[in-house]
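K.L.:
Below you'll find the structure I mean.
None of the figures in this text is laboratory data; all of them are computed from the coordinates on show. The structure displayed is predicted, hence computed values, not measured ones. In this analysis, Cβ positions are derived from the backbone assuming ideal geometry, glycine residues included, and neighbour counts consider all displayed protein chains.
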Amino acid sequence: MSGGGSASAFAAVRWLWGELDRAATTWLVGGAVRDGLLGIAPGDWDLATALEPPRVLALLRGRGWPLDTRGARFGRVGVHTRAGVVDVVTFRAEGDYADQRHPGRVRWVRRGEVDLRRRDFTVNALALTRQGRVVDVVGGRRDLEARRLATVGPAAERIREDPLRAWRAVRFLAYAPGDWNWDPALAAAVAAAAEAARAVAPSRVGRELAALMDRPYPSRALRAAGAAGLLPPWPPERRLCRLPDAALRWAAVEAVWGWPGLVTRIGLPRAVVREVARLRGALAGDARSPALPERVACLAEWLGQPPPVPLPITGRDVMERLGIPPGPAVGAALRRARAWVAAQPRPPDREAVLAYLARTGAEPLDE
Ligand code: ATP
Ligand code: MG
């Protein structure tokens, strides 16, 4: 469900929407309606329909849209359009959350209003008809105006039945425009569900964290997650909004928490993981890291560190050249090399640094 917010993207969605709505009631739902009412470009498009999955498939097959049918059994058909993958989800009533991941039973319903009531937050339970009418059965518009995040129905129950919603609640605090706040009942419910939320599969959590890191105010969200016990505490003075993109922000998060590899653990997109690894390496002084110096300097400055001195050698080089085993002496030699490199008028190459270490290697490594 990723995709563009351009006019031509919306035209593609409108066309698909029209085809479905001609057959049975089909609404635009979720983030696209919320973001549209806030006047910002939607991140993705979700359609909800009275058509049951076999009818959705019958209607869309052979129309030139590649379909993702893996979720069809659960009422979800992905349609590849110019606007990215649009999810077409059949209206349902959900109860009984058996394993907190797949609702115990899914029952298709004809009325969209029923479907809106099973959604997580009031601002996410808004729908738009093809004729342009906003459907609001749970006071979502009022909450949207007030930037108030509140569950549909009793907070404790709704968070308990699916603790992923605690992470989703965290995510929306990073959103703009305006200053989003949790309804007090939601705040209490998130804190009460902290243990269950921490047990949610890392990849599912990662999806929500990835979404918040792209938004304007990630540190607000991390602070709330820390205070609620979902994540380690986040220092109040650390403001990620000053870093321009998600990879720099994640590299900063790893450094602040001292948690290298966090991005891999939560399954972030490969491009982000790769760039964070480059930044991590460069920050530690690895001269072979292809991270752009400007980005590394930006990150170092944010962390309040001097820009790293890139070292054209590794610990392995030190062990080979000085003939020493792994251990603290290797780190000490690297530190000595870094101090020497920093003092040179222009960056010495690998050979020069190794020659320096070999030359002074007989001296006791006594820092
Ligand atoms: P974004 O714009 O960031 O994608 P979104 O609200 O559209 O935000 P999605 O993950 O795309 O988020 O979900 C689409 C909609 O599905 C939500 O707006 C919400 O109505 C519903 N939803 C998603 N996850 C849950 C959940 N765990 N419990 C209940 N409803 C959910
Ligand atoms: Mg969405």
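K.L.:
For the chain, with the dipole built from +1 on Lys and Arg beta-carbon atoms and -1 on Asp and Glu ones, taken about the Cα centre, which of Val341, Ala125, Ala246 lies farthest toward the positive end?
P.N.:
After comparing all options, I get Ala125.
K.L.:
Project the alpha carbons of segment 271-367 onto their principal axes and report the range along each, largest first, in whole Å.
P.N.:
Extents along the principal axes, in whole Å: 41, 28, 23.
K.L.:
So for segment 1-146, what percent of the C-alpha to C-alpha distances run longer than 22 Å?
P.N.:
Roughly 36 percent, rounded to a whole number.
K.L.:
How far is the Cα center of segment 15-55 from the Cα center of segment 142-204, in Å?
P.N.:
Segment 15-55 and segment 142-204 have Cα centres separated by 24 Å.
K.L.:
Rounded to two decimal places and with Rh computed the Kirkwood way over Cα pairs, what is Rg over Rh for segment 153-206? Provide the component values of the computation, followed by the final result.
P.N.:
Values: Rg = 11.1 Å, Rh = 11.4 Å.
Using only Cα positions, Rg/Rh for segment 153-206 is 0.98.
K.L.:
To the nearest 10 degrees, how steeply does helix 293-303 sit against the main Cα axis of the chain, on a 0 to 90 scale?
P.N.:
The angle comes out at about 80 degrees.
K.L.:
To continue, here is another question. Report the Cα-based extents of the chain along its three principal axes, largest first, to the nearest Å.
P.N.:
Projected onto its principal axes, the Cα set of the chain covers 82, 47, 36 Å.
K.L.:
Moving to a separate point now. Give me the one-decimal nm value for the distance between modelled label points at Asp245 and Ala185, 7 Å along each residue's Cα-to-Cβ direction.
P.N.:
Result for the modelled spin labels: 4.3 nm.
K.L.:
Give me the Å³ per residue figure for the convex hull around the C-alpha atoms of segment 272-321.
P.N.:
Working: hull volume 3.9 nm³, N = 50.
Roughly 78 Å³ of hull volume per residue.
K.L.:
Once you treat every alpha carbon in segment 123-251 as an equal point and sum by Debye, what is log10 I(q)/I(0) at q = 0.09, 0.10, 0.15 Å⁻¹?
P.N.:
-0.27, -0.33, -0.72
K.L.:
Relative contact order for segment 110-201 using alpha-carbon pairs under 8 Å, separation at least 6, rounded to a whole percent? Provide the component values of the computation, followed by the final result.
P.N.:
Values: 115 pairs, mean separation 22.8, N = 92.
Rounded, it is 25 percent for segment 110-201.
K.L.:
Okay, next question. Between the helical axis of 218-227 and the dominant principal axis of the chain, each derived from Cα atoms, what acute angle in degrees is found, rounded to the nearest 10?
P.N.:
Roughly 90 degrees between the two axes.
K.L.:
Right, next: What FRET efficiency comes out for Glu294 versus Thr360 if R0 is 22 angstrom and r is the Cβ-Cβ distance? Round to the nearest 0.05. Numbers along the way, then the final one.
P.N.:
Details: r = 33 Å, r/R0 = 1.49.
For Glu294 and Thr360, the calculated efficiency is 0.10.
K.L.:
Separate question: Please sort by residue number the trypsin sites (Lys or Arg not before Pro) in segment 130-162 whose DSSP state is loop and whose Cβ has at most 14 other Cβ atoms within 10 Å. Can you show the working numbers first?
P.N.:
Values: sites: Arg130, Arg133, Arg141, Arg142, Arg147, Arg148, Arg158, Arg160; in loops: Arg130, Arg133, Arg147.
Filter output for segment 130-162: Arg133.
K.L.:
Tell me, what is the percent relative contact order of the chain, built from C-alpha pairs under 8 Å that lie six or more residues apart?
P.N.:
Numbers: 603 pairs, mean separation 32.5, N = 367.
In percent, rounded to a whole number, it is 9.
K.L.:
Still on this structure, please answer the following. On C-alpha positions alone, give me the angle between the axis of helix 246-257 and the longest principal axis of the chain, in degrees, nearest 10.
P.N.:
Helix 246-257 sits at roughly 60 degrees to that axis.
K.L.:
From Cα coordinates alone, what are the radius of gyration and Dmax values for segment 315-360 in angstrom?
P.N.:
Just the Cα atoms of segment 315-360 yield Rg and Dmax of 10.2, 31 Å.
K.L.:
If you don't mind, another one. Averaging the inverse of every distinct alpha carbon separation and then flipping it gives the Kirkwood radius. What is it for segment 244-310, in angstrom units? Please list the in-between numbers first.
P.N.:
Working: mean 1/r = 0.0861 Å⁻¹.
The Cα-based Kirkwood calculation yields 11.6 Å.
K.L.:
Running a GNM on the chain with Cα contacts under 10 Å, which residue among Tyr356, Tyr175, Tyr217 ends up with the highest mean-square fluctuation?
P.N.:
Highest fluctuation among the options: Tyr356.
K.L.:
While we're looking at this one, here's another question. Give the percent of DSSP beta bridges with both residues in the chain that are antiparallel, rounded to the nearest 5. Don't skip to the answer; put the middle values down first.
P.N.:
On the way: 21 of 28 bridges.
Bridges in the chain that DSSP calls antiparallel: roughly 75 percent.
K.L.:
Given Cβ point charges of +1 (Lys, Arg) and -1 (Asp, Glu) and nothing else, what value in debye, to the nearest 20, does the dipole of the chain about its Cα centre take?
P.N.:
820
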